[in-house]
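This report refers to the structure that appears directly beneath it.
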Amino acid sequence: MVENIDGAFAELSRWLQYDAARTRRIVAAFHRVTVRDLLAMEHAAARGEWGEVRWRADRISMGCLHVGEGHAAACLEPLLEAQFGFSLKTLYFASYAPRRGSLLRLVERAASVAMGEAFA
């Protein structure tokens, strides 16, 4: 049983009945996929491939929700709700870019959990 995990994926840990090994495995998978998708999304934005940006944003958002981190998924909502490439580009720079730090902090927390530091 995991005690005092200081909010590191507390909801996911609770869903998994505080099984530290299972939590680490799931968070490690989340970390691998999310890092890859974040980089791919930012590269797609740099190339102006807004359909790819939306697809990656959806994948990242779903991953965040699956590990109980809905607040991090919220910064991607404007990208998922945009209707056209022009508005997606505008929202990417006006809405997502200033909030991307919350996703990066989540990725850092995921790395710590995956490596066992948060459960040591």
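Any read-out appearing in this document is the output of simple, stated calculations on the displayed coordinates, not a laboratory observation. Note that the coordinates shown come from a computational prediction; the quantities given were computed from them, not determined experimentally. Backbone-built Cβ (ideal geometry, glycine too); neighbour counts: all protein chains shown.
The table below gives the values:
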| quantity | calculated |
| --- | --- |
| Inter-site label distance for ARG22 and ALA46 at 7 Å from Cα along Cβ, in nm | 4.0 nm |
| Extended-chain gain in nm, criterion 0.36 nm per residue less alpha-carbon gap, ALA29 and ALA10 | 5.2 nm |
| Rg [Å, one decimal], Dmax [Å, integer] - the chain, C-alpha atoms | 15.2, 49 |
| Förster radius 35 Å - calculated FRET efficiency between ALA111 and SER87 (Cβ-Cβ, nearest 0.05) | 0.60 |
| Cα gyration tensor shape for the stretch 52-115, rounded if a/c is under 1.5, else prolate or oblate | prolate |
| Degrees between helix 50-66 axis and first principal axis of the chain (Cα, 0 to 90, nearest 10) | 20 degrees |
| Residue exposure sequence - PHE30, PHE9 - by fewest surrounding Cβ within 10 Å | PHE30, PHE9 |
